[in-house]
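S.K.: Here it is, the structure in full.
Quick note: the coordinates plus some simple rules give every number you see, no bench work behind them. None of these values were measured; they are calculated from a predicted model. Quick reminder, even Gly has a Cβ in these numbers, built from the backbone with ideal geometry, and neighbours come from all protein chains shown.
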Amino acid sequence: MQSNSLGRQLLPETSDQSKPSRLFSPGRALVVCILIIAALGFWSIRSSSGHRSTRLQGESLESLVGMNSTSSLAAGEYSARLNYGTSRLLIREPTICDSSVKQRSGYFVVNATKNRKYFFWFFESRRLPPAESPTTLWLSGGPGASSILGLLMENGPCRLLSDGITTEYNPYGWNEVSNMIWLDQPAGTGYSMGKHEHSLTGVRDDLYNFLQAFFHHFPEYNRNFHLAGESFAGHYIPVIADKILQENKRMDQGASSPPKQRIDFRGMAIGNGDTDNPHSAPYMAEMAMVSGAVNRSTYQQMLASVPSTTELMLRCTEILGKLKQPVSLFTAPETCLDANLEYMMNFLAPVEATGRNIYDLRLNGTYNFSRYINFLNNATIMKTLGAGKKWKPINYRVTLDLYFDDTYRIYNPEVERVLEAGVKVLIYAGDKDYLCNWLVNDAWTKRLQWSGAQQFVHKPLELYQAGTKEVVGEMRRTQNLAFVRVYNAGHLVPHDQPKNSLAIIEQFLSGNMFASA
């Protein structure tokens, strides 16, 4: 296809090494900031002011909270305070959302000095005894998007109805087949609080320390552990997976000090991920055209922009790799600001100008999260969960700080090391998403350099039923890597295809997905 050939063109042998990269152009920075927030416009954070507020009283309150084991605790109190080195877990045991299984919610205090606390909500598995079930950590993207939104809107045990008060049982929640942890991270995201890290290395270390503390106090869940997430989790997951493997190796060699828990890490799944953004331009143009989002004239303009935009993004990647300190909106190299401007103006703006939702091209406008804001900021719900701050679906300060330091970094090497370690890797993508579309994800999985690469690249996409009687999409797989195109789903696959997403993740967790690869 034409866009594929453009994407394979060699870039000019130019480099920023001949001149220093200028830092901080106020005009560019402001424009890029506005464009990023506009691009993330689907995270509508308006509350339903002017409408009735969330009221939890009488039967409604009883149906949500019931005989809650922590309902007698005052705000700021916890049923357990569990120390782990200089860190601490603050635990409550709610029964809302799914009273049929044991839950834990609260905070992991990462750093008391900076008051950095990560909020989590844990549910045991429904089908199997918890000690026999896998355990999965879910991470939403953003960066700065709340995983608790994913719980209530996508793959959690319950869903919040449009009245903003009532939750209903979700038979396709992923805790059907796994113990599940939803974690708001980095600090400042969702219910989490404190000063956030400005680099993915710091975020990675916080995540690893959370897992160490959690499995130290609840070793029964340190079994068949998996990482899963979507969007910018395509950055989070490879680095934390690589960290787990490195630390496990150190423990195996007796080099770990102080002693840590060896995490029984078995797999990672990324949905509509953003893992190798600098090579995405030709596939963005192709997706815009084949989806009917733009006309042929606009498509040709997008194709013409591919070489220059790709060159700028790769230059930015190179520059960021040489810097010793993380950058932000106000310290980003000018090359990176230019790359952002070109990418957004040439590949996002033409589609957004049509009024389509770039996270689901079947929709117009943005999602409205008012119900989740009202529900999660209700005083009774906050007290029940042990939440210590007001909730927002996305923290734009976190977004901007991590976006400029990390968006154009490439995490293929981390994924390659995970594959070579024999760990299962699933990359899935809803085929109605534009921003992190399935063509981009299919292409970067074929660029991975690992021992099974040639076999994987030459495998065709085949119809995939995920152990059901219906075709749910298309799959390419070999050894321990699988790519799945999910039919009729946007950026939020578990929201758009709840039954099929559960079938896919069940096959992945069990290993049946790779049985005949």
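S.K.: Per residue of region 391-405, what does 6.51 cos²θ - 1.76 cosθ + 1.60 with θ = phi - 60° give for ³J(HN,Hα)? Whole Hz please, x for Gly and Pro, Karplus curve as stated.
M.R.: 9, 10, x, 8, 9, 5, 5, 4, 3, 5, 5, 7, 4, 6, 7
S.K.: Taking amide H positions as placed in the peptide plane 1.01 Å from N, state which residues far from A269 in sequence (5 or more) or on other chains have amide H under 5 Å from it.
M.R.: L227, A228, G229, L426
S.K.: Also, I was wondering about something else. What full-extension length gain, to one decimal in nm, is calculated for V290 and K390 as 0.36 nm per residue of separation minus the Cα-Cα distance?
M.R.: Stretched fully, the V290-K390 segment lengthens by 31.8 nm.
S.K.: Find the Cα radius of gyration of region 296-388, compare it with 2.2 N^0.38 Å by division, and give the number to two decimals.
M.R.: It is 1.61.
S.K.: What list of ³J(HN,Hα) values in whole Hz, one per residue of region 326-340 in order, does the Karplus curve 6.51 cos²θ - 1.76 cosθ + 1.60 (θ = phi - 60°) give from phi, with Gly and Pro shown as x?
M.R.: x, 10, 10, 3, 8, 10, 5, x, 4, 4, 6, 5, 4, 4, 4
S.K.: A follow-up question, please. For region 462-517 and region 118-182, what is the separation of their C-alpha centers, rounded to whole Å?
M.R.: 19 Å
S.K.: I've got another one for you. Mind checking which aspartates and glutamates have their C-alpha under 20 Å from K459, skipping anything on the same chain fewer than 8 residues away?
M.R.: Once the sequence-local aspartates and glutamates are set aside, what remains near K459 is E416, E420, D431, D442, E474.
S.K.: Quote to one decimal, in nm, the extra length available between D264 and N111 on full extension: 0.36 nm per residue of separation minus the C-alpha distance between them.
M.R.: 52.5 nm
S.K.: Per residue of region 491-504, in order, report the coupling 6.51 cos²θ - 1.76 cosθ + 1.60 (Karplus, θ = phi - 60°) as ³J(HN,Hα) in whole Hz, putting x for Gly and Pro.
M.R.: Once rounded to whole Hz, the list reads 5, 9, 4, x, 6, 7, 10, x, 5, 5, 5, 5, 4, 5.
S.K.: How many angstrom lie between the Cα centre of region 314-353 and the Cα centre of region 412-459?
M.R.: Using only Cα atoms to place each centre, the spacing works out to 24 Å.
S.K.: Here is the link list: K195/K432; K195/K243; K195/K383; K390/K424. Which ones come out longer than 31 Å on Cα distance?
M.R.: Over 31 Å apart, Cα to Cα: K195/K432; K390/K424.
S.K.: So if we plug the beta-carbon distance of Y169 and R362 into 1/(1 + (r/R0)^6) with R0 = 22 Å, what FRET efficiency do we get, rounded to 0.05?
M.R.: 0.25
S.K.: How long, wide and thick is region 407-517, going by the Cα atoms along their three principal axes, in whole angstroms, largest first?
M.R.: In descending order, the Cα extents are 34, 33, 22 Å.
S.K.: Then there is this: What is the set of long-range amide H partners of G473 at a cut-off below 5 Å, with H atoms built 1.01 Å from backbone N?
M.R.: HN-HN under 5 Å from G473: Y464, Y487.
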